[in-house]
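Undergrad: Just passing along the structure, written as structure tokens.
Bear in mind these aren't lab numbers, they're just calculated from the coordinates by the rules spelled out. Because the structure is predicted, anything quoted here is derived from the model rather than measured. Positions of Cβ are generated from backbone atoms using ideal geometry, with glycine treated the same way; all protein chains shown enter the neighbour counts.
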Ligand SMILES: [Fe+2]
Ligand SMILES: [Fe+2]
């Protein structure tokens, strides 16, 4: 620790960082009346999920431990090599900026280097660069650091900056990630500004290192969440493209897949599946016809009616899809497999590939059957005209309890507004840019 003395010379009391002072410090902390308080703060810090609140807790607690009038928290911006203000508190000036306040700190960041040279003139950048603690009893009598910023602030506002304690915030790996700067310690009885008690420095150093660990953990956690989000997006993108490959071959449109999957998600929601399950239906249903990749073009693309043998082969797209999607640990792929296998089963047992009946058909398959057929019949195909919407409704009503699960049909009509909103041709902003090959 460096104590900048009133004699005017910086007295280099010790260059050891607080973390390396070892058992002496530990002992001091253990004996300190602040120990219990510190332990509680540590728990609060590790629990806080909002990084802005974390900043505030750190400054508030450090100020309450030392009676400091003001507190500033800087984080190191490693890319720009500067200290960025995150929190600025001052009781006397009734100032609370940054963190959760929404009040932006407009003060410029502190550079860590000036024209390639380490910026040792500024106390906060000195602490960031060296990892040492600086304790200044009186800014106006101290030498060794440039406090003109503080004195200019004092001139402008009438405030009197006096004592200052500046502490590095070190991560698990002993990296300085930020700086905590406390201003004007006050005597609890007289409320007069006093020097920071060297005894309390250990407590603050301990708080700063706990804070740094909590901050680093939070940052790592957020990076992890973001990485997970990116992976999930990439996975869903792959799923969509897989679906589109099959649709492309079948001359169905990407829009069919998109609309049909959205109808399926609406029906899932209406059947009281959780939002997470409805989301799985949304993405899983896009793979309902992936098995068509395995059907010979001569059959898949035949412009005329299929004969019995060809029809049998065509039906195999369900089991081919089931094989393609089997064995995956992903819940989404498993749902896709279930849908691929069961979307042509019929409530009355006349469907394929297994001829399952009623609730023996997986719910996902029963949902997708209604969504798939509704979209297929309302879309024009080269070999037939599209049904009008009214004709399609009639088709579903007539199939209720025969081709379709009556409950699913009921939900379809209960949620008709949402269905119609998706059906409208305004949905051209396809998730994937497929317009180049969207065929009718
Ligand atoms: Fe199909
Ligand atoms: Fe389909």
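Undergrad: To the nearest 0.05, what FRET efficiency results for residue 199 and residue 326 with a Förster distance of 60 Å applied to their C-beta separation? Let's see the in-between values first.
TA: Numbers: r = 68 Å, r/R0 = 1.13.
Efficiency, from the Cβ-Cβ distance: 0.35.
Undergrad: Quick check: the angle from helix 275-284's long axis to the longest principal axis of the chain, C-alpha only, nearest 10 degrees?
TA: 50 degrees
Undergrad: So, one more: FRET efficiency for residue 359 and residue 175, Cβ-Cβ distance as r, R0 = 51 Å, nearest 0.05?
TA: Numbers: r = 59 Å, r/R0 = 1.16.
The computed FRET efficiency comes out at 0.30.
Undergrad: Can I ask one more? Would you calculate a helix-derived [θ] at 222 nm for the chain, using -39,500 (n - 2.57) for each DSSP H run of n ≥ 4 and dividing by the full residue count, to the nearest 500?
TA: Details: 16 runs with 211 residues, N = 440.
Only helices count here, giving -15500 deg cm²/dmol.
Undergrad: Can you tell me the orientation of helix 389-399 relative to the chain, as the angle in degrees between its alpha-carbon axis and the longest Cα principal axis, to the nearest 10?
TA: The angle comes out at about 80 degrees.
Undergrad: Where in segment 355-373 does the amide nitrogen come within less than 12 Å of the point 7 Å from the Cα of residue 319, taken along Cα to Cβ?
TA: Output list for this probe position: 355.
Undergrad: Starting from 0.36 nm per residue, how many nanometres of slack lie between residue 121 and residue 413 once their C-alpha separation is accounted for? Could you put the intermediate results ahead of the total?
TA: Details: separation 292, 0.36 × 292 = 105.12 nm, distance 7.34 nm.
Length gained, residue 121 through residue 413: 97.8 nm.
Undergrad: Further question: Which order, highest average first, do 159-170, 402-413, 100-111 follow once you tally other Cβ atoms within 10 Å for each residue and take the mean per peptide? It would help to have the intermediate numbers written out before the result.
TA: Values: 159-170: 24.1, 402-413: 19.2, 100-111: 12.9.
Highest mean packing first, the order is 159-170, 402-413, 100-111.
Undergrad: May I pose another question? Just grab the label-to-label distance for residue 385 and residue 103, each label 7 Å out from Cα along the Cβ direction, in nm (one decimal).
TA: 7.1 nm
Undergrad: Report the relative contact order of the chain, percent, no decimals, based on alpha-carbon pairs under 8 angstrom and at least 6 residues apart. Don't skip to the answer; put the middle values down first.
TA: Values: 741 pairs, mean separation 51.5, N = 440.
After rounding, I find 12 percent.
Undergrad: Right, another one. Express in whole angstrom the spacing between the alpha-carbon centres of segment 237-282 and segment 35-101.
TA: Result: 47 Å between the Cα centres.
Undergrad: I've got another one for you. What is the list of residues in segment 360-395 whose amide nitrogen lies under 18 Å from a point 7 angstrom out from the Cα of residue 420, following Cα to Cβ?
TA: Output list for this probe position: 374-375, 378-379, 387-395.
Undergrad: Any idea what angle helix 254-270 forms with the longest principal axis of the chain, computed on alpha-carbon atoms, 0 to 90 degrees, nearest 10?
TA: For 254-270 against the chain, the angle is about 80 degrees.
Undergrad: Just grab the label-to-label distance for residue 236 and residue 272, each label 7 Å out from Cα along the Cβ direction, in nm (one decimal).
TA: Inter-label distance under the simple model: 2.7 nm.
Undergrad: If you stretched the chain out fully between residue 130 and residue 192, how much longer would it get, using 0.36 nm times the residue separation minus the C-alpha to C-alpha distance? Intermediate results must be reported in sequence, preceding the final value.
TA: Working: separation 62, 0.36 × 62 = 22.32 nm, distance 3.12 nm.
That pair, residue 130 and residue 192, stretches by 19.2 nm at full extension.
Undergrad: Under the 0.36 nm per residue contour assumption, what length would be gained going from the current alpha-carbon distance of residue 91 and residue 50 to full extension? The partial results should precede the final answer.
TA: Working: separation 41, 0.36 × 41 = 14.76 nm, distance 2.35 nm.
Once the chain is fully extended between residue 91 and residue 50, it gains 12.4 nm.
Undergrad: Of 149, 284, 349, which has the largest mean-square fluctuation in a 10 Å C-alpha GNM of the chain?
TA: Highest fluctuation among the options: 149.
Undergrad: Let me ask another. Could you give the nm distance between label points at residue 397 and residue 154, where each point is 7 Å from its Cα heading toward the beta carbon?
TA: The two pseudo-label positions are separated by 8.6 nm.
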